[in-house]
Every structure is written in C-alpha cells, then in structure tokens.
C-alpha cells in the first residue's frame with residue numbers, strides 16, 4: 001500500500017468536481033424534492049459536517065475501495081472490480097436517484113484512483129473534498145438554486161465550461177483506464193508501489 005499520492009489526489013478532486021458539472025443537466029431532470037431530501041438528510045451544524053465530510057468518506061472508502069476493490073481484484077480485472085464496487089456504492093444511496101447516479105460516477109473515479117495509487121488516504125481526501133463542496137453548496141445557496149448554470153448566468157459560457165469538464169473527464173479517465181490498473185509513473189522520491197495483485 002502507498003501512504004499518499006498528492007498528484008493523483010489533486011487530479012481526483014478535479015475529476016469528481018468535473019463529474020458534478022457533467023452530470024448537472026441530467027440530475028436537474030429529477031424532481032426538486034430529491035434535492036430537498038438530500039438537504040434534510042445532511043442537516044446543518046458541526047455534527048453534519050463531521051458525518052458528511054469526515055466519517056462518511058472514511059467509512060465508505062474503507063468498505064468500497066480498500067476492502068471491496070482489494071477483494072474483487074482476486075477474481076476480476078481492475079476494470080470490473082471498479083465497476084462492481086461503483087455500482088454497489090451507487091446503490092447504497094438508493095432511493096435518492098440523483099445521489100445514486102452521482103455516487104456511481106464518482107465511484108468510478110475514486111475506484112481508479114485507488115487502483116492506480118493503492119492509497120486509501122488519497123481516496124478519502126478526494127471523497128471528503130467532494131462532500132465538503134456539496135455541503136458548502138447546500139449551505140450557501142440551498143438545494144434548489146445551487147446549480148452551476150444558474151450561478152454562471154450565461155448559456156454560452158456554461159456550455160463551454162461543461163464541454164471543457166467533459167473533455168477533461170473523458171481524457172483523464174481514458175488514460176487511467178488504459179493503464180489497466182498499473183501504476184501511472186509520477187515523479188516521486190518514494191519507492192514504487194506494488195502491482196495490484198499484491199494488494
């Protein structure tokens with residue numbers, strides 16, 4: 001196991017943010033009550049922040065990435081190990097359908113970051129940053145008015161941003177997936193990580 005991989009952690013934060021932008025037009029097709037349900041479930045205050053930004057990311061990453069992917073890599077390729085755990089990660093957010101869709105997509109990013117880095121801390125930090133951004137959005141603008149399209153206020157600029165996020169997401173994930181779970185070479189003074197079979 002590798003303790004931490006800062007470059008892939010930063011890339012992962014960028015990619016899960018891009019996931020939110022790319023999925024926004026789809027998620028906004030769901031009725032508004034789903035987003036109100038999310039806000040009620042999350043709540044406010046220090047306890048809500050501790051649960052959504054610290055405890056939930058830690059527990060979910062231990063279960064789905066550190067345990068789930070490592071177990072499935074005994075029988076499945078990295079691609080299928082990531083897909084199966086991402087599907088399971090999405091389903092635990094049922095019945096809130098926007099959360100199911102978002103968790104499935106973010107789970108794919110988190111899964112591949114874990115497979116490539118072998119770092120539990122990296123995926124916990126990415127997950128925590130994503131939840132913190134979502135919490136901040138709910139707290140500042142509320143569940144119904146916090147979409148990027150409304151904040152930008154210009155259709156042309158919005159779709160340029162959307163296309164850039166989509167291109168970044170597709171390009172980065174293509175490179176990561178084509179690595180087939182092998183460690184991407186990132187300049188580092190630390191020793192190389194083991195092969196996925198050694199997880």
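The values are calculated or read from the model by the stated rules, or taken from the named source; none is laboratory data. All of these numbers come straight from a predicted model, not from anything done at the bench. All Cβ positions, even for glycine, are placed from backbone atoms using ideal geometry, and neighbour counts span all protein chains on display.
Does residue 128 satisfy the criteria of being surrounded by 21 or more Cβ atoms within 10 Å (Cβ to Cβ), in contact with a helix residue (DSSP H, G or I) (Cβ under 9 Å, 6 or more places away or on another chain) and at pLDDT 90 or above?
no
Please verify whether region 43-63 includes one or more residues that are under 15 Å from the mean Cα position of the chain (by Cα), within 25 Å of residue 173 (Cα to Cα), outside any helix (DSSP H, G or I) and at pLDDT below 90. No, region 43-63 contains no residue that is under 15 Å from the mean Cα position of the chain (by Cα), within 25 Å of residue 173 (Cα to Cα), outside any helix (DSSP H, G or I) and at pLDDT below 90. Pairs only if they're at least six apart or on different chains, beta carbon under 8 angstrom, first in region 86-101 and part of a helix (DSSP H, G or I), second loosely packed, with under 15 Cβ neighbours inside 10 Å; list them, first residue then second. Here the result reads 97/30; 98/30; 100/91; 100/94; 101/26, each pair linking region 86-101 to a residue that is loosely packed, with under 15 Cβ neighbours inside 10 Å.
Among the candidates 67, 11, 23, 15, which residue alone is within 19 Å of the chain's Cα centre (by Cα), surrounded by fewer than 15 Cβ atoms within 10 Å (Cβ to Cβ) and either part of a helix (DSSP H, G or I) or modelled with pLDDT of 90 or more (or both)?
That would be 67, the only listed residue that is within 19 Å of the chain's Cα centre (by Cα), surrounded by fewer than 15 Cβ atoms within 10 Å (Cβ to Cβ) and either part of a helix (DSSP H, G or I) or modelled with pLDDT of 90 or more (or both).
Of everything listed in (1) modelled with pLDDT under 75; (2) surrounded by fewer than 17 Cβ atoms within 10 Å (Cβ to Cβ); (3) under 26 Å from residue 74 (Cβ atoms), the single unmet condition for residue 193 is (2).
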